[in-house]
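Asks: Let me begin by handing over the structure; questions about it come next.
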Amino acid sequence: MAADDRGPEGGEHVEIVEVGPRDGLQNESTVLSVEDRIRLIDQAVSAGVRRIEAVSFVNPKRVPQMAGAEEIMAGVDRGAGASFIGLALNRRGLDRALEAGVSEINVAVPATDGFSVRNQGATVDEMLDSLADMDRALEGTGVPLSVTISTAFGCPFDGEVSTERVREVARRVADTSAVEIALADTIGVGVPFQVRELTRAVGEVAPGRTLRCHFHNTRNTGYANALAAVEEGVRVLDSSLGGFGGCPFAPAATGNIATEDLLYLLHRSGMRTGIGLSEAAALGDWMGERLGKTPPAYLGRAGGFPA
């Protein structure tokens, strides 16, 4: 491994939340086995990932790619010091996640009714009420809550999303115990101007909460958005090995920004992630082999620099 494979020593730390095992796989026609998903998670942790969105506690009839969440949580290596995030969209999902022993709970609350009803069967207001109920259920468990505001940059059904709308959703999220709020460009329509505007707006209504960003590269703006977020002080970013991903309920959804490509961008910009670039690229290629398709990521093809 090159000396700077995990980022320059002494560089400011940017935390990567690896979402490949959940968001990376949920829209793929090939369903990976529980064993393959456990291997993916364990290898990501070996590469240096310390937070990983491992499973989703959704109805497997709606998203069959996410079946077997309990088996995965029972099979992953708990001794490496990683935090395993479970996505829950309702109280039933939360109860399953807690029983399975996840390290963190993430709840997705869309910014728009059009997406919320199609994706989660509830309006935004209903999702915020459900979030408050789940927050109360988490009291005393010691399991931290994070909330992702999806379609924050634009909605495939409702179109443009105003900054004020996102601000209001974030304000209501801030009424809960959520320690982290993520802004998600679910369909990859965002641009750096929006990143700057939204991160500042959310920071105003949710002071003291960690801000995270989740970008898709549908229109080739994901990496520019990630860099804009870092320049705004965001130090937690989501990404997916190989650049796989997309929401099954969003038309024409394509992949997340690729972990290996994001690592290259950050490391060359003087940031340290603690994740091995070469190991991440190899894992992205491994995912491509299992899924039977070429990874959207570039690092597996081009390699790092200097070689």
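The values are calculated or read from the model by the stated rules, or taken from the named source; none is laboratory data. The shown structure was predicted, so the numbers you read here are calculated from the model rather than taken from an experiment. Note: ideal-geometry Cβ built from the backbone for every residue, glycine included; neighbour counts use all protein chains shown. Heads up: the accessible areas ignore ligands, DNA and RNA and are worked out on the full protein's heavy atoms, side chains in. Shrake-Rupley method; radii C 1.70, N 1.55, O 1.52, S 1.80 Å.
Asks: Could you grab me the full set of residues in segment 249-285 that are among the polar types (S, T, N, Q) and out of contact with any helix residue (DSSP H, G or I) (no Cβ under 8 Å at 6 or more places or on another chain)?
Replies: Applying the first criterion (among the polar types (S, T, N, Q)) to segment 249-285 yields 254, 256, 259, 269, 273, 278.
Residues satisfying the conditions are Thr254, Ser278.
Asks: Moving on to the next point. Does Ser83 count as without any contact (Cβ under 8 Å) to a residue 40 or more places away in the chain, open to solvent by less than 40 Å² (accessible area, probe 1.4 Å) and either among the β-branched types (Val, Ile, Thr) or within 19 Å of Ile181 (Cα to Cα) (or both)? Walk me through how you get there before you give the answer.
Replies: Numbers: without any contact (Cβ under 8 Å) to a residue 40 or more places away in the chain: yes; open to solvent by less than 40 Å² (accessible area, probe 1.4 Å): yes; either among the β-branched types (Val, Ile, Thr) or within 19 Å of Ile181 (Cα to Cα) (or both): yes.
So Ser83 passes the test.
Asks: Under 7 Å between Cβ atoms, at least 6 apart or on separate chains: pull out the pairs that start in segment 22-37 with a residue that is without any contact (Cβ under 8 Å) to a residue 60 or more places away in the chain and end on any residue that is in a loop (DSSP other than H, G, I, E, B) and crowded, with 19+ Cβ neighbours inside 10 Å.
Replies: Going by the 7 Å Cβ cut-off, the qualifying pairs are Val34/Gly68.
Here's the yes/no breakdown for (1) closer than 21 Å to Ser83 by Cβ; (2) among the aliphatic types (A, V, I, L, M):
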| position | (1), (2) |
| --- | --- |
| Gly11 | no, no |
| Val19 | yes, yes |
| Gln26 | yes, no |
| Arg39 | yes, no |
| Asp42 | yes, no |
| Glu53 | yes, no |
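Asks: Only one of Val205, Val236 is under 19 Å from the mean Cα position of the chain (by Cα) and either of a type in the set (Val, Ile, Thr) or buried (at least 19 other Cβ atoms within 10 Å of the Cβ) (or both). Can you tell me which? Lay out the reasoning, then the answer.
Replies: Working: Val205 fails: under 19 Å from the mean Cα position of the chain (by Cα).
The match here is Val236.
Asks: Still on this model: Among the strands (runs of 3 or more DSSP E) lying completely within segment 23-121, list those that include at least 1 residues that are basic (Lys, Arg) and out of contact with any Cys (no Cβ under 6 Å at 6 or more places or on another chain).
Replies: Working: elements: 51-56, 83-87, 104-110.
The qualifying strands (runs of 3 or more DSSP E) are 51-56.
Condition check ((1) touching a Cys at 6+ places or on another chain (Cβ under 8 Å); (2) over 18 Å from Asn106 (Cα atoms); (3) hydroxyl-bearing (Ser, Thr, Tyr)) across all residues:
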| residue | (1), (2), (3) |
| --- | --- |
| Arg167 | no, yes, no |
| Ala182 | yes, no, no |
| Gly188 | no, yes, no |
| His214 | no, no, no |
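Asks: Please work out which residue is nearest to Leu237 (Cα to Cα), limiting yourself to segment 286-301 and to residues that are surrounded by fewer than 19 Cβ atoms within 10 Å (Cβ to Cβ), in contact with a helix residue (DSSP H, G or I) (Cβ under 7 Å, 6 or more places away or on another chain) and in contact (Cβ under 8 Å) with a residue 40 or more places away in the chain.
Replies: For segment 286-301, the residue satisfying everything is Tyr298.
Asks: Restricting attention to segment 134-177, report how many residues are under 16 Å from Ala201 (Cα atoms), small (Gly, Ala, Ser) and touching a residue at least 40 places away in the same chain (Cβ under 8 Å).
Replies: Matching residues across segment 134-177 total 2.
Asks: Right, another one. Restricted to segment 50-80, and to residues that are among the charged types (D, E, K, R) and more than 15 Å from Val102 (Cα to Cα), which residue is surrounded by the most Cβ atoms within 10 Å (Cβ to Cβ)? Break it down into steps so the answer makes sense when it comes.
Replies: Filtering segment 50-80 for residues among the charged types (D, E, K, R) gives 50-51, 53, 61-62, 70-71, 77-78.
Subset that is more than 15 Å from Val102 (Cα to Cα): 61-62.
On the way: Lys61: 7, Arg62: 11.
Filtering first and then ranking leaves Arg62.
Asks: Right, something else. Go through (1) acidic (Asp, Glu); (2) at pLDDT below 95; (3) surrounded by 16 or more Cβ atoms within 10 Å (Cβ to Cβ) and name the single condition Glu18 misses.
Replies: (2)
Asks: Related question: Which of the following residues is over 21 Å from Gly245 (Cα atoms) and either crowded, with 23+ Cβ neighbours inside 10 Å or free of Cβ contacts under 8 Å to residues at least 12 places away in the same chain (or both): Leu94, Leu89?
Replies: Working: Leu89 fails: over 21 Å from Gly245 (Cα atoms).
Going through Leu94, Leu89 in turn, just one is over 21 Å from Gly245 (Cα atoms) and either crowded, with 23+ Cβ neighbours inside 10 Å or free of Cβ contacts under 8 Å to residues at least 12 places away in the same chain (or both): Leu94.
Asks: Check segment 148-155 and report whether any residue there is farther than 21 Å from Thr210 by Cα, open to solvent by 10 Å² or more (accessible area, probe 1.4 Å) and of a type in the set (Gly, Ala, Ser).
Replies: For segment 148-155, residues farther than 21 Å from Thr210 by Cα, open to solvent by 10 Å² or more (accessible area, probe 1.4 Å) and of a type in the set (Gly, Ala, Ser): absent.
Asks: Six or more apart or on different chains, Cβ atoms under 6 Å: show the pairs whose first residue is in segment 224-241 and within 8 Å of Leu211 (Cβ to Cβ) and in contact (Cβ under 8 Å) with a residue 12 or more places away in the chain and whose second is open to solvent by less than 10 Å² (accessible area, probe 1.4 Å) and part of a strand (DSSP E or B).
Replies: Sorted first by the residue in segment 224-241, then by its partner, the pairs are Val234/Cys213; Val236/Arg212.
Asks: Also, quick follow-up: Filter segment 251-280 down to the residues that are open to solvent by less than 10 Å² (accessible area, probe 1.4 Å) and in contact with a Ser or Thr (Cβ under 8 Å, 6 or more places away or on another chain) and list them by number.
Replies: Asn256, Ile257, Ala258, Thr259, Leu262, Leu263, Leu266, Ile275, Ala280
Asks: Does Ser46 fit the bill of being open to solvent by 10 Å² or more (accessible area, probe 1.4 Å) and either under 19 Å from Thr294 (Cα atoms) or of a type outside the set (Val, Ile, Thr) (or both)?
Replies: Numbers: open to solvent by 10 Å² or more (accessible area, probe 1.4 Å): yes; either under 19 Å from Thr294 (Cα atoms) or of a type outside the set (Val, Ile, Thr) (or both): yes.
Judged against the criteria, Ser46 is a match.
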